[in-house]
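The values are calculated or read from the model by the stated rules, or taken from the named source; none is laboratory data. Note that the coordinates shown come from a computational prediction; the quantities given were computed from them, not determined experimentally. Note: ideal-geometry Cβ built from the backbone for every residue, glycine included; neighbour counts use all protein chains shown. Keep in mind that these areas ignore ligands, DNA and RNA; they rest on the heavy atoms of the full protein, side chains included. Shrake-Rupley method; radii C 1.70, N 1.55, O 1.52, S 1.80 Å.
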Amino acid sequence: MATPTKFNSLGEALAEKVHDLSSDTLKIALTNTAPTASNSQLSDLTEITAANGYSAGGFAITVSSSSQSGGTYSLVLNAATLTASGGSIGPFRYVVLYNDTATNDELIAYFDRGVELTLADTESYTIDSATWLQIS
């Protein structure tokens, strides 16, 4: 997985208790339009069309660990798989993590796959278990 880029608003959202990354519902949204660091909520993005196994607002992803060690906080997410069913999904290039529990679906981080991907019917895309965020 590429290295995630955090959104500028994340620091303020953490300081103002918008996020509880250990227990809030986190989701992955897909877009083919490049996010910018100044985006702050899901509605700032142009999400791909909901169809064939991809729902508007994306899909849930679970936290593997949310902890700090030596003054560095790390958010590690479990793997998640999206499978096209009944037709294609995409194209998409950007994978965005956001907080679905937060009132405005605040954005956390995203990564650029580097190329567009369209899933044909029955094809799957897996987001590997990885560290999405480190704050020191």
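Couple of notes before you dig in:
- Qualifying residue in segment 100-121 (condition: touching a Pro at 6+ places or on another chain (Cβ under 6 Å) and either open to solvent by 60 Å² or more (accessible area, probe 1.4 Å) or on the phi > 0 side of the Ramachandran plot (or both)): yes
- Only residues that are open to solvent by 30 Å² or more (accessible area, probe 1.4 Å), among the aromatic types (Phe, Trp, Tyr) and at pLDDT 95 or above were counted across segment 48-96, and they come to 1.
- Selected residue [out of contact with any helix residue (DSSP H, G or I) (no Cβ under 6 Å at 6 or more places or on another chain), modelled with pLDDT under 95, buried (at least 17 other Cβ atoms within 10 Å of the Cβ) and not polar (S, T, N, Q)] from Leu26, Leu45, Leu14, Leu30: Leu14
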